[in-house]
Every structure is written in structure tokens, then in C-alpha cells.
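A.B. asks: Take a look at the following structure, please.
Just so it is clear, none of the values below were taken in a lab; they were calculated from the coordinates. Values in this document were obtained by computation on a predicted structure and should not be read as measured data. Virtual Cβ from ideal backbone geometry, glycine too; neighbours counted across all protein chains shown.
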Amino acid sequence: MPAFSIPLSGLEATSQSMNVIANNLANLNTDGYKDETLNFGDIFNQMQGTSGNGNPIQSGSGVKVASTSSNFTNGSVNSTGVSSNMALQGNGFFVVQNGSQTDYTRSGNFTVNSSGQLTTANGELVMGYSATNGVISSSDTLAPISVNQASTIPAVASTTFQMNTNLDSSAGVGASFSTPITVYDSLGTPQTLNVQYTNTAANAWNYTITLPAAATGGTGNPTTVASGKLTFDSSGNLTAPTGTVTGVKLTGLADGAADMNLTWNLNNASGSPSIKQQNSASATTTTTQNGYGVGTLSSYSVLPDGTVQGQFSNNQTLALGKVAVASFANAQGLAQSGQSDYQATFASGSAVVGQAGAGGNGTITGGSVEGSNVDLSKEFANMIVAQQGYEANAKALTTLNQVSQATIQMMT
């Protein structure tokens with residue numbers, strides 16, 4: 001009697017193959033989706049005996065779905081310009097959490113929730129290593145990454161300042177030139193110093209550094225906080241003082257900040273004097289100092305190693321955290337749980353959690369997402385093969401039915 005189960009198994013297998021192909025095509029534009037392939041295996045062949053030379057006589061019993069495999073090659077990197085989006089290129093998965101459930105995903109179309117935490121599109125928290133005052137500890141327990149716009153960076157009091165200034169060598173005795181420079185006290189309040197230069201003789205100038213009287217709660221004339229002399233050689237190079245001027249002290253500040261003891265750096269980064277005297281109008285081209293006021297988070301970006309770098313309103317940058325990346329001994333053993341997520345199984349092994357760009361993990365491109373790696377032309381070719389397989393098995397089933405009907409008619 002014909003074995004109807006054989007073509008029926010073929011119809012079932014090719015139908016499931018069509019489902020996989022259709023699912024791949026349906027997810028052509030799903031961020032981070034990985035192309036899947038259905039693998040077939042034959043059903044145990046029954047022994048019918050042996051031939052004269054001892055070879056086994058076997059007849060097949062049909063086909064079954066042996067396995068599915070995912071293609072974890074990289075999808076294309078598509079720039080979105082959205083700071084919270086990330087594209088992982090190379091090995092690994094983002095670690096996300098919903099309550100006590102930890103999942104893994106390649107879909108980096110992250111957003112920010114009402115608490116300022118990075119989340120997936122379906123609300124799972126993006127996990128990583130937190131930062132304390134910009135310092136990240138990769139040995140800490142994973143925690144949600146926060147990019148709260150209410151984040152602030154505390155003030156740092158100025159301790160040094162510098163200015164690149166030219167004093168006019170043709171200026172007459174008594175001629176003066178002044179430059180203001182803003183420094184910051186321990187509370188982040190800007191304090192404006194005024195450095196005034198007065199020509200006293202050829203190649204000789206006096207300097208006076210003052211602070212507005214109101215800064216110390218007074219009225220009237222500015223308070224002198226430092227003074228001294230500058231001398232130059234015949235080429236206009238500063239000869240004295242050399243290196244630094246110390247003891248620029250700001251005391252009794254009205255806002256209650258700590259007293260300040262500033263150092264005036266007289267040399268630039270190359271070691272040459274930043275104060276010169278040339279036959280050109282007195283002018284200051286740049287001023288610098290090492291303090292800053294309180295800053296609020298204005299924007300952030302993601303670096304290749306997963307560091308979320310915050311840019312603050314006071315022109316400072318500070319690490320807010322680092323996105324974790326997990327890898328598995330057998331990624332094919334991961335179980336899909338929907339919403340572009342995977343879960344670890346016994347077959348996949350436990351997750352090895354680390355950081356991007358280290359331990360074999362891929363790197364992260366911020367402001368982008370990883371597209372699907374589905375190959376449209378390959379899927380169409382697979383669809384044709386599956387369709388032909390389905391039609392062939394259907395034809396075999398029809399033929400077996402005709403043979404069965406003929407056999408029954410012969411027996412009646």
C-alpha cells in the first residue's frame with residue numbers, strides 16, 4: 001500500500017520552509033533582524049533486508065524539519081541622527097532587562113523613558129556600567145544607563161589662568177592696556193579679573209590685577225589682588241618674571257565661596273612666553289583658565305566602546321555610563337522571544353558580559369541602527385525552490401492516491 005505519509009511530510013516541511021522565507025521577507029526592514037534558514041533531515045529509513053552482496057535494502061520514510069539556523073552576519077549601518085540609537089557591528093548582543101527577565105538584542109533603536117533611562121522600543125531597560133563623576137567601573141553590577149537631561153556636573157574652582165598678549169613697544173610712558181578674564185570660584189560663580197598693563201619705560205611695564213569691589217561685598221574702586229613688573233629684552237621677549245606669577249589671591253568673596261589662590265601661567269603650551277612686546281597695537285588674542293561653573297546635560301553621544309559621553313552646558317564632557325555587550329559560546333542556541341529579543345538557553349550557554357571592542361566583542365556606532373541582513377534576491381530564489389518542492393510533493397500525493405484507487409478497483 002502506498003505510504004501517503006511520505007509526500008505529506010514533504011508538504012509539511014516545505015510549507016514550514018515557506019513560512020520561514022515569508023517571515024524573513026516580512027522582517028526585511030526590521031532593525032537588527034537576522035535572516036533564518038530551515039534545515040531538513042530525512043526520517044529513519046526502514047530496513048527491508050539485504051541484497052546479494054550484503055548491501056542493505058532501505059526505503060525512506062519521508063522528511064522532517066531538522067533545525068533552524070540564524071545568519072548572524074552584520075546588517076547595514078543606517079544613520080538616524082538620534083543620539084540614543086546604536087548599531088553593534090561584530091560579535092555580541094545588547095543586554096536589556098524587563099523586570100527580572102534579561103534578554104539580548106541586536107536591535108539598537110533605543111529611546112529614552114520618562115526617567116531619562118535608555119530603553120528598547122518595547123520598554124526594556126538598556127543595561128550597562130554606571131559612572132560616578134565620569135569614572136566607569138566595569139566590575140560593578142549591570143545597571144540601567146541614564147541620560148537624564150536634569151543631570152548636572154559640579155563646578156570646579158579655577159587655579160590657573162593664562163593669556164596670549166602683545167604689548168605695544170611703541171607705547172609711551174603711562175600708556176595702558178587692560179584685559180578682562182573670567183575665573184570660577186568653588187560655587188561655580190564667575191568672577192571677572194581685570195589685568196591692566198601700564199608702560200613705565202622702554203621694555204618695562206607694570207601690571208595690576210583687580211577684582212570688582214562688589215565681588216567681595218564692597219563698593220567703590222576695584223580691589224587689587226596682585227601687582228608687579230614685566231621686563232622685556234630688545235627682541236620683545238619676556239625676561240622677568242619667568243614661568244609663573246603666584247599669589248593672585250581672591251578672599252572674602254560675597255557669595256560665600258572658598259578663598260582662591262590663582263597662578264598666572266606666563267608660558268604657553270610650547271614653553272615660550274605668552275606675553276610679548278612688539279611694535280604692534282596692544283591686544284590679547286586668547287585667554288584660558290582651568291575652572292568652570294555648574295553645567296547641565298545638553299547632549300550626549302555613544303563612542304565605539306559603548307561609552308555614553310555627555311556634553312554639558314559649561315563645555316565639559318563627562319562619561320554617563322557604558323553600554324554592556326554580551327556574547328555566547330553558541331549563538332545558534334539562543335531562543336527568540338519576540339520583539340527582536342533573544343533569551344539564553346542550555347544550548348547557547350550563559351552570557352559572557354563585557355564591553356564593546358574588547359574580548360572579541362564588536363564595536364558600536366552611535367546615532368545609527370543596524371538594518372536587517374535579509375538578502376532579498378536569495379529569499380526569492382529560496383521561495384522558488386520551496387514552491388517547486390511543495391508542488392512536487394503534492395504531485396506525488398496525487399499519484400499515490402491514483403495508484404491506491406486503481407489497486408482498490410482491482411481488488412473489488
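A.B. asks: Bins of 10 Å, beginning at zero and ending with the bin holding the largest distance: percent of Cα pairs per bin for region 160-289, please.
C.D. replies: Histogram of Cα-Cα distances, whole percents per bin: 12, 44, 31, 12, 1.
A.B. asks: What is the chain's relative contact order, in percent, from Cα pairs under 8 angstrom and six or more apart in sequence?
C.D. replies: 23 percent
A.B. asks: To continue, here is another question. State the Kirkwood hydrodynamic radius of region 1-119 in Å, one decimal place, computed from all pairs of distinct Cα atoms.
C.D. replies: Working: mean 1/r = 0.0536 Å⁻¹.
The answer is 18.7 Å.
A.B. asks: Compute the long axis of helix 376-411 from its Cα atoms, compare it with the longest principal axis of the Cα atoms of the chain, and write down the angle in degrees, 0 to 90, nearest 10.
C.D. replies: 20 degrees
A.B. asks: Roughly how many debye, to the nearest 20, is the charge dipole of the chain about its Cα centre, given +1 on each Lys and Arg Cβ, -1 on each Asp and Glu Cβ, and no other charges?
C.D. replies: About 480 debye.
A.B. asks: As I understand it, the value is the acute angle between the Cα axis of helix 5-26 and the longest principal axis of the Cα atoms of the chain; what does it come to in degrees, rounded to 10?
C.D. replies: Value to nearest ten degrees: 20.
A.B. asks: Another question, then. R0 = 35 Å: FRET efficiency of VAL77 with SER337, Cβ-based, nearest 0.05? Can you show the working numbers first?
C.D. replies: Working: r = 25 Å, r/R0 = 0.71.
Efficiency for this residue pair is about 0.90.
A.B. asks: Right, another one. Going 7 Å from the Cα of THR239 toward and past its Cβ, which residues in region 272-298 have a backbone nitrogen under 12 Å from where you end up?
C.D. replies: It comes to no residues whatsoever.
A.B. asks: Straight-line reach from LYS378: which lysines fall under 19 Å, measuring Cα to Cα and dropping same-chain residues less than 8 apart?
C.D. replies: Those lysines meeting the cut-off are LYS34.
A.B. asks: Under the rule of -39500 (n - 2.57) per DSSP H run of 4 or more residues, summed and divided by the residues of the chain, what mean residue ellipticity at 222 nm is obtained, to the nearest 500 deg cm²/dmol?
C.D. replies: Value at 222 nm, helices only, nearest 500: -5000 deg cm²/dmol.
A.B. asks: For LYS276, which lysines qualify as cross-link partners when the Cα separation must be under 26 Å and same-chain residues fewer than eight apart are set aside?
C.D. replies: Straight-distance partners of LYS276: LYS229, LYS249.
A.B. asks: For the chain, what is the Kirkwood hydrodynamic radius in Å, using each pair of distinct C-alpha atoms?
C.D. replies: 28.1 Å
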